[in-house]
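Structure first, commentary second.
Just so it is clear, none of the values below were taken in a lab; they were calculated from the coordinates. Just so you know, these numbers come straight off a predicted model, no measurement behind them. Backbone-built Cβ (ideal geometry, glycine too); neighbour counts: all protein chains shown.
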Amino acid sequence: MAELMLRQALRGLLDEPAVRAALWQLDDRPGFVAHLCAEARRRGIAVSTAEIASLLQAGKRLPLQVGPAPNLAQFRDWLPATVTWSDQQPLLHWAYAPALPLQASFYAQTVHRVMAHPFNHLGGRSTWLHEIDAADSAAIARPAAFIFHWSRCGSTLLGRMLNAHPGCQLYAEPEQACPGPHEVAA
């Protein structure tokens, strides 16, 4: 199968919630590849495990989904991973991470761990930042508090205590992921 057609077919398959959930349970590459290949064949997509393994090995992400303003409820199991610039606009890239507690000391550590999963090597979603602003604001969790701190003051302990509460979500020291357009090589 031509690589572009294969990538588009797999993109559609990875967008199915049941397939996504099943693949997330498989963090070893051979098991992930075998399951994805079986799911593809069940849907009439002629693909070999070697073709999928090749896409993973080469680090070729599937075509990104960049479209109209997102339904943010669909992003419940996704974490904002990075921001890049495209067409002079910031583009937010998401990583799939269902029911993942943010327990690492730094948000970047969580993103790094999530991005190591085979699913996020192939799939992903992207949204224009201005479209998130235009989306249903009721679906967006607004920060209730910020913890400003200095070294060795107990902020990590406070953050972990807050994060232990089911109603709290802590983004510990998120690194700047959004370079300005002048910082990105053209």
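Rank the residues TYR107, TYR171 as a footprinting-exposure proxy: fewest other Cβ atoms within 10 Å of their Cβ go first.
Placing the least packed residue first, the sequence is TYR171, TYR107.
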_For q values of 0.25 Å⁻¹, compute log₁₀ I(q)/I(0) with the Debye formula on a Cα-only model of the range 3-58, without solvent._
-1.08
_Highest to lowest packing among 43-55, 151-163, scored as the average C-beta count within 10 Å_ = 43-55, 151-163
*Gain on full stretching of the segment that runs from PHE146 to ARG41 - 0.36 nm per residue minus C-alpha separation*: 33.0 nm
*Fewest Cβ neighbours within 10 Å first, please rank THR110, THR82 accordingly.*
THR82, THR110
*Under-5 Å amide H pairs with ALA95, H placed in peptide plane, nonlocal only*: LEU79, ALA81
